[in-house]
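Each remark here refers to the structure printed beneath this line.
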Amino acid sequence: MTARMKNNLLYIIIILCFNFSCQKENKKEIVGPTLRFEKINYYKYSASHSAEPFQYRLTYYYEDGVPHRWMELDSFGRVTTDYIYEYDSHRKQTGARYREESAIDFSIEKVRFENDSTKITEWIDSIGQVYYRMIDNLNKDKKTYRAAFIGDKLHGYDSTFYTKDGFEKRIFFTNTKGKVLNDRIFKYDSIYNNGKWVERKKIMQDTIRELHKREVYYDNNFVSDNGKFYEGIVSTGELSENVINFSADESVMFLTRTSDWTDQLAFIAYAKNGLFTETIRIEELDTVYNGAISPNGDKIIYSIRKEDDEEIWLISKENNQWSNKINLTEASNIRGGYFYWLSETEIYFYQNKNSGDIVQGEINKGNLTIRDSLSILNTKAGTEFSPFVDREKRFLIYSRYEEGNKSNQGFFISYNEGGFNNPKWSIPKKLSMLPYGWSAHIINDGSQFIYTNGEDIYSVPTKELKLEINK
């Protein structure tokens, strides 16, 4: 072999080693997708394939994959257990608030770590005293393999074993007399390529008792397979959801819920680390009929139902408090509801005329005026209400309901054939791919269409609407 050939061979070996080293480095850098939301459906094993789950477990995660909250729901979607994590500035758990079925207020849990392998959870009573304690021994993956339960004395231990993929394989409780209780084994039938389980069986005393099916989501849509938006947080089993809308940057969410259609409760939620966490009741609003948050998130326009008319009110947020209520109807003699706030001054809403019409209004310094009757959208026989207007005014989507006429029940769309300042709305067309509903809204960079059917908030991909617009 010549010296030149030896040099070429050495050069090739060096290149191959370099490429192999880079590939190894690249493999190290590859990080799997971040889990954002998961749902486990629990079925009785002997039930038919068409049976509904008897229980659900939902878990929501922040942008960085740290869990925010898990909930267990009954078959009607009512929350039976609600557990909300609390962290320090380093994302280390410091405690939780939790609430079990029939409890009105949250109880307090404190969490601390003695070392990397010992976690201590303490339950706190109303005067701040510890009344129960759990000591978790953690494995190298920071998962509990043994937990001691201590009240006034030691009550026993939970033992947990895992599969090679890190899934729970067997869990059982041993009391202080050595008796094993609640021994259950999990058998996994379906695993994703990225190591997430899809289906498992729960076995007790050599008998399959339950079937668990898991939905896993890595996007920020927060929609389960049944189409519900933020199930358990926004779409609840306790009350019916009527309207939902967002501030311009989608960091604030406003919604109303009811068990009595004309007297609804107003709620607000704030996005935190890429997730809407808790919906908070706005106590200052008493009961309302419907409403909408302003683009800046600092005002709410709402209506109060009185007999067959709706008074329009405005409330503002000052010093972190909702105050300064203004009766807009009293000054303008304009009545209505089901609002969409396009800008701080431009607003679209329903008026009780011709069975119900949509109009364009202006709100300025506490004064409400009507600028356009939008006659092309409205019919004499049908009720037009709950408009949504694209930020660029390319289209307008609204709801229509005409008694006894299915073709005039549902969502309709009108396209702007003019300009932004002088729109020319086209003859509306029905979005026949959608069921009847209202409170239309498009969020998440235009990818999600949100609406309510009067019971829950639903989401569908906007692409399914087949909008005739230029991107």
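The values are calculated or read from the model by the stated rules, or taken from the named source; none is laboratory data. Fair warning: this is a prediction, and the values are worked out from it, not measured in the lab. In this analysis, Cβ positions are derived from the backbone assuming ideal geometry, glycine residues included, and neighbour counts consider all displayed protein chains. What goes into the accessible areas is simple: the full protein's heavy atoms, side chains included, and nothing from ligands, DNA or RNA. Shrake-Rupley method; radii C 1.70, N 1.55, O 1.52, S 1.80 Å.
Okay, here's what the table says:
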| item | result |
| --- | --- |
| Matching option when the condition is open to solvent by 40 Å² or more (accessible area, probe 1.4 Å), out of contact with any strand residue (DSSP E or B) (no Cβ under 8 Å at 6 or more places or on another chain) and either more than 27 Å from Thr262 (Cβ to Cβ) or without any contact (Cβ under 8 Å) to a residue 24 or more places away in the chain (or both), among Lys466, Lys429 | Lys466 |
| Qualifying positions in segment 284-299 - assigned to a loop (DSSP other than H, G, I, E, B) and either of a type outside the set (Asp, Glu) or under 20 Å from Trp261 (Cα atoms) (or both) | Asp286, Thr287, Tyr289, Ser294, Pro295, Asn296, Gly297 |
| Test for Asn296: is it of a type in the set (S, T, N, Q), free of Cβ contacts under 8 Å to residues at least 40 places away in the same chain and under 25 Å from Asp372 (Cα atoms) | no |
| Selection count, segment 95-111, where residues are open to solvent by less than 50 Å² (accessible area, probe 1.4 Å) and at pLDDT 90 or above | 6 |
| Single match in Ile191, Ile208, Ile135 (criterion: of a type in the set (A, V, I, L, M, F, W, C) and under 31 Å from the mean Cα position of the chain (by Cα)) | Ile191 |
| Flag for Ile203 being of a type in the set (Val, Ile, Thr), touching a strand residue (DSSP E or B) at 6+ places or on another chain (Cβ under 8 Å) and not in a strand (DSSP E or B) | no |
| Cβ pairs under 6 Å, 6+ apart, first in segment 305-325 and among the acidic types (Asp, Glu), second crowded, with 18+ Cβ neighbours inside 10 Å and at pLDDT 90 or above | Asp309/Arg335; Glu310/Tyr289; Glu310/Ser303; Glu310/Arg335; Glu310/Gly336; Glu310/Gly337; Glu311/Ile304; Glu311/Thr329 |
| Sole exception among (1) surrounded by fewer than 22 Cβ atoms within 10 Å (Cβ to Cβ); (2) farther than 28 Å from Asn327 by Cβ; (3) in contact (Cβ under 8 Å) with a residue 12 or more places away in the chain; (4) out of contact with any Gly (no Cβ under 9 Å at 6 or more places or on another chain) for Ile397, by number | (1) |
| Strands (runs of 3 or more DSSP E) within segment 27-94 that include 1 or more residues of a type in the set (Val, Ile, Thr) and more than 23 Å from Asp105 (Cα to Cα) | 37-44 |
| Residue that is least open to solvent (accessible area, probe 1.4 Å) [pool: residues in segment 432-463 that are farther than 30 Å from Tyr289 by Cβ and of a type outside the set (S, T, N, Q)] | Pro461 |
| Matching strands (runs of 3 or more DSSP E) fully within segment 316-378 where at least 1 residues are buried (at least 17 other Cβ atoms within 10 Å of the Cβ) and hydroxyl-bearing (Ser, Thr, Tyr) | 337-341, 346-351 |
| Condition check for Asn221: free of Cβ contacts under 8 Å to residues at least 12 places away in the same chain, within 23 Å of Lys463 (Cα to Cα) and either open to solvent by less than 50 Å² (accessible area, probe 1.4 Å) or not hydroxyl-bearing (Ser, Thr, Tyr) (or both) | no |
| Filter result for Gly166 (closer than 13 Å to Thr144 by Cβ and not in a strand (DSSP E or B)) | yes |
| Considering residues of segment 245-279 that are under 25 Å from Tyr85 (Cβ atoms) and among the aliphatic types (A, V, I, L, M) only, the residue most open to solvent (accessible area, probe 1.4 Å) | Ala271 |
| Per-region count, segment 434-452, residues touching an Asp or Glu at 6+ places or on another chain (Cβ under 9 Å) and either within 15 Å of Ser399 (Cβ to Cβ) or of a type in the set (D, E, K, R) (or both) | 5 |
| Subset of segment 354-378 (residues that are under 35 Å from the mean Cα position of the chain (by Cα), at pLDDT below 95 and over 20 Å from Ser439 (Cβ atoms)) | Asn364, Lys365, Gly366, Asn367 |
| Residue within segment 417-436 that is under 20 Å from the mean Cα position of the chain (by Cα) and modelled with pLDDT of 95 or more present | no |
